[in-house]
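Here's the structure we're looking at; comments come further down.
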Amino acid sequence: MTRQPYDYSGFSLKKLNEPRFAHVKLLGGWLAYFALYFITENLIPAERCHLIHCALDDLIPFNEYFLFFYVGWYFLVFGALAYTFFFDVPAFKKVQTFIMITQAVAMLCYIVWPSRQDLRPEVFERENILTALMGFIYAFDTSTGVCPSLHVAYSLGILSVGLKGRRLAPVWKIALTLFVLGVCAAVCFVKQHSAVDVFAALPVCLLAEILLYGKDYWLPKLKA
């Protein structure tokens, strides 16, 4: 059965407070996030940031092939929000609210307790298109504001909503789970995050789960 897109006909900014279009206001959370991102990336000097490192980081080698998962994360987030916005508004509300909660907590951490990592390789052992792309990412994405990892938090939020929903077929839930696990590993293998950042994202996600689902946050399925 083909899913019909949500009816946005007649939408205008003047109608944002109408129940039919009120969920569109959730997208405003990205404006606040990007403003805070600018502050944390450009106005907090690296010397003020706490260095994040653990023994596990030294056991994880740089591997540029995990770039597929790392870059794929951008498509995951955009795709999940775009698809649910147009085809599953209840799921969109859950995904975007989860993201906003994790953004708020992470940004508070980045400002109150700034963090950085120095795990990036100074020289790549291999020269190929993937390492060239990784170098480009290093150039525009600083190594500050890393703990907790929003790559991990967003991914787990999308996974949570996907697994709890009834629209995804089991095979897609399995594929989504494997991809999210790949993203969580990738942030360490491409040396964008310490393993500490990954584990620090877990309690942030748990908080979002509890705020979003209340006492039923642990249930495997919820009605849409």
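Listed residues Ala55, Ala32; which is more than 16 Å from the chain's Cα centre (by Cα) and surrounded by fewer than 17 Cβ atoms within 10 Å (Cβ to Cβ)?
Details: Ala32 fails: more than 16 Å from the chain's Cα centre (by Cα).
One residue alone meets the criteria, Ala55.
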- Item | Of residues in segment 189-216 being open to solvent by less than 10 Å² (accessible area, probe 1.4 Å) and over 14 Å from the mean Cα position of the chain (by Cα), the one farthest from Pro148 (Cα to Cα) | Val190
- Task: Look at segment 139-156 and say how many of its residues are outside any loop (DSSP other than H, G, I, E, B), closer than 20 Å to Val112 by Cα and more than 8 Å from the chain's Cα centre (by Cα).
- Result: 1
- Of (1) assigned to a helix (DSSP H, G or I); (2) farther than 21 Å from Gly29 by Cβ; (3) open to solvent by 40 Å² or more (accessible area, probe 1.4 Å), Glu125 fails just (1)
- Do you know which residues across segment 78-105 are among the hydrophobic types (A, V, I, L, M, F, W, C) and in contact with a helix residue (DSSP H, G or I) (Cβ under 8 Å, 6 or more places away or on another chain)? Ala80, Leu81, Phe85, Val89, Ala91, Phe92, Val95, Phe98, Ile99, Met100, Ile101, Val105
- Residues located in segment 78-89, provided they are open to solvent by 50 Å² or more (accessible area, probe 1.4 Å) and under 14 Å from Gln4 (Cα atoms): Tyr83, Phe86, Phe87
- Could you count how many residues in segment 36-48 are surrounded by 11 or more Cβ atoms within 10 Å (Cβ to Cβ) and either modelled with pLDDT of 95 or more or under 21 Å from the mean Cα position of the chain (by Cα) (or both)? 5
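Give Leu150, Leu156, Leu163 a once-over and let me know the one that is open to solvent by less than 20 Å² (accessible area, probe 1.4 Å), without any contact (Cβ under 8 Å) to a residue 60 or more places away in the chain and touching a helix residue (DSSP H, G or I) at 6+ places or on another chain (Cβ under 9 Å).
Working: Leu156 fails: open to solvent by less than 20 Å² (accessible area, probe 1.4 Å); Leu163 fails: open to solvent by less than 20 Å² (accessible area, probe 1.4 Å).
Just a single option satisfies the conditions, and that option is Leu150.
So, Phe199, is that one under 20 Å from Gly72 (Cβ atoms) and either in contact with a Pro (Cβ under 6 Å, 6 or more places away or on another chain) or free of Cβ contacts under 8 Å to residues at least 12 places away in the same chain (or both) or not?
Criteria not met by Phe199.
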- Query: For segment 206-221, how many residues are aliphatic (A, V, I, L, M) and modelled with pLDDT under 90?
  - Reply: 1
- Message: Can you tell me which condition Lys191 does not meet? The list is (1) in a helix (DSSP H, G or I); (2) within 29 Å of His50 (Cα to Cα); (3) of a type outside the set (Phe, Trp, Tyr); (4) in contact with a Leu (Cβ under 6 Å, 6 or more places away or on another chain), and all the others hold.
- Response: (1)
- Item | Filtered residues of segment 1-26 (kept if open to solvent by less than 50 Å² (accessible area, probe 1.4 Å), assigned to a loop (DSSP other than H, G, I, E, B) and in contact with a helix residue (DSSP H, G or I) (Cβ under 9 Å, 6 or more places away or on another chain)) | Tyr8, Leu16, Phe21
- Test: residue in segment 99-116 that is exposed (fewer than 14 other Cβ atoms within 10 Å of the Cβ) and outside any helix (DSSP H, G or I): yes
- Query: Here are some conditions: (1) part of a helix (DSSP H, G or I); (2) open to solvent by 60 Å² or more (accessible area, probe 1.4 Å); (3) touching an Asp or Glu at 6+ places or on another chain (Cβ under 8 Å). Met134 meets all but one. Which one does it not meet?
  - Reply: (2)
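The values are calculated or read from the model by the stated rules, or taken from the named source; none is laboratory data. Predicted model, so just to flag it, every value in this text is computed and none were measured. Neighbour counts run over all protein chains shown; Cβ positions are idealised from the backbone, glycine included. The protein model used for the area step is the full one, side chains on, heavy atoms only, and it has no ligands, DNA or RNA in it. Shrake-Rupley method; radii C 1.70, N 1.55, O 1.52, S 1.80 Å.
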